[in-house]
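For reference, the structure discussed in these notes is given below.
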Amino acid sequence: MPGTRDAAAGLGYKEAPGPGPSGIDRSPMNKQRIVSSALASLLATVAGTTHADDKPAHEKCYGVAKAGQNDCASARGTHSCAGQAKGDDDAGDWKSVVRGTCEKMGGSTTPPAKR
């Protein structure tokens, strides 16, 4: 029972184990669980965090975008928005790809000359 009188010492109240007035169990075992849970949460957060340096760099790759799947305006000025490529693999349309993969896909990292 919370707030039981310590009759032997006559020093007022001492906290009894179990739920306190707020209904929170303040026993040593519960405090250990709270600390363990907090530590586990902290470690999980730190372990799951990715750094900006972990993300691969991207580059514009010309000539690999399929019709309607380009990322932005055409290098040749034929359209000014993403998703407006009229045909597949147009040298003026580009997609953002992981650096170093463009040439493997058959594209080019340099824009074509405007017509």
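Worth pointing out:
- The stretch between Lys31 and Lys66, if pulled fully straight at 0.36 nm per residue, gains 6.7 nm over its current Cα-Cα span.
- Förster radius 25 Å - calculated FRET efficiency between Thr45 and Arg99, Cβ distance, rounded to 0.05: 0.30
- Over all orientations, the stretch 50-115 has a Cα convex hull whose mean projected area works out to 4.8 square nanometres.
- In this simple spin-label approximation, Ala38 and Ala113 carry label points 7 Å from Cα along the Cα→Cβ vector, and these lie 6.9 nm apart.
Laboratory data are not the source of any read-out in this text; all were calculated from the coordinates shown. Small disclaimer: the values here were computed from a predicted structure and weren't measured. Counting neighbours? That spans all protein chains shown, and the Cβs are built from the backbone with ideal geometry, glycine included.
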